[in-house]
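To start, the structure under review is shown below, and the notes come after it.
Read-outs throughout are calculated quantities, based only on the coordinates presented, and are distinct from any laboratory measurement. Worth saying up front: this structure is predicted, and the values here are computed from it rather than measured. Here the Cβ positions follow ideal geometry from the backbone for every residue, glycine too, while neighbour counts run over all protein chains shown.
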Ligand code: C2E
Ligand code: MG
Ligand code: MG
Ligand code: MG
């Protein structure tokens, strides 16, 4: 066990491994300490409007806040290595509140660079099952003086399906605040348009696996095209994530996709980089 801790370490969760209960408990303890010690940070990834007439650059729509763990010895650890452990414990409550608070504060500061720019935060299953979550989000908005419509909360279909009745109550309470709601990773879950129509959501994010597959696969393009058309029929805005090539961006724009996000537009980076990116547009 010692040898294992000395390398990349048990402190980093690998979904491929069947980590022992003991290792998981150790990691959870480290994550709790990391939150208390301020070792997490947010990177911001830009999103642009694809069909606002501002060709070819696209006007900034906002940013997605993505968590990283700045580990004192292991450097910057991506969320895929620690979110899966946080989100199955009660640590997800203080963690998400920290992310919301930081993201809202950051977006509030960015209004000075570009008024109206928004921020999106990823929300986990357990947050949707927590009655207190909506009022805590409202407190963060009031604390930093941000208009609710500039905050977007991203939820997955599977998070909603874990307990649809309770999740729906939370989503309605959040929506009543004026916060925007979007379905993340759309296409990888249940993906029922009939059900989607009954949710108080404003936007749908097409999963990056579909977007990545578009260039080489005609069927994938057809699927993406119909997702966009059906979303518009339901009055939903469509965001495509994982755009890496100009060709894909042009195809999405031609299909009427509203917003784009991906390495072609910008990588997740610091708030200073986000501000510089806004100034350059
Ligand atoms: P997500 O919400 O679907 O975020 C998009 C992920 O795709 C991010 O990975 C982003 O860096 C990556 N990405 C963006 N553009 C491209 C591209 O053009 N190509 C490729 N290959 N990837 C791209 P990241 O930052 O590693 O985050 C992974 C996941 O971790 C997120 O997926 C989200 O589910 C979760 N996550 C991140 N931050 C938080 C958080 O604060 N709270 C919760 N609950 N989950 C988070
Ligand atoms: Mg997301
Ligand atoms: Mg996603
Ligand atoms: Mg994801």
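Data table
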{"read-out": "Whether the range 38-175 is rounded, prolate or oblate, judged on the alpha carbon gyration tensor where a/c under 1.5 counts as rounded", "value": "oblate"}
{"read-out": "Estimated inter-spin distance, residue 73 and residue 209, nm [label 7 Å along Cα→Cβ]", "value": "3.6"}
{"read-out": "Cα centroid separation - the range 213-234 against the range 118-145, whole Å", "value": "31"}
{"read-out": "Inter-site label distance for residue 114 and residue 254 at 7 Å from Cα along Cβ, in nm", "value": "2.6"}
{"read-out": "Per-residue [θ]222 nm for the chain (sum of -39500 (n - 2.57) over DSSP H runs n ≥ 4, rounded to 500)", "value": "-12500 deg cm²/dmol"}
{"read-out": "Using alpha-carbon coordinates, inclination of helix 271-280 to the longest axis of the chain, degrees", "value": "20"}
{"read-out": "Global form of the chain, assessed from the alpha-carbon gyration tensor, a/c cut-off 1.5", "value": "rounded"}
{"read-out": "Ranked by how many other beta carbons lie within 10 Å on average, peptides 135-142, 91-98 from highest", "value": "91-98, 135-142"}
{"read-out": "Shape of the range 130-281, Cα gyration tensor, a/c cut at 1.5", "value": "oblate"}
{"read-out": "Added length on full extension, which subtracts the Cα-Cα distance from 0.36 nm per residue, residue 129 to residue 158", "value": "9.2 nm"}
{"read-out": "FRET E, pair residue 220, residue 136, Förster distance 51 Å, beta-carbon r, rounded to 0.05", "value": "0.85"}
{"read-out": "Extension gain, residue 177 back to residue 234 (0.36 nm per residue minus Cα-Cα distance, nm)", "value": "18.4 nm"}
{"read-out": "Nearest-0.05 FRET efficiency for residue 98 and residue 52, computed from C-beta distance (R0 35 Å)", "value": "0.60"}
{"read-out": "Where a label projected 7 Å from the Cα of residue 169 along Cα→Cβ would reach, residues of the range 119-163 with amide N under 16 Å", "value": "126-136, 160-163"}
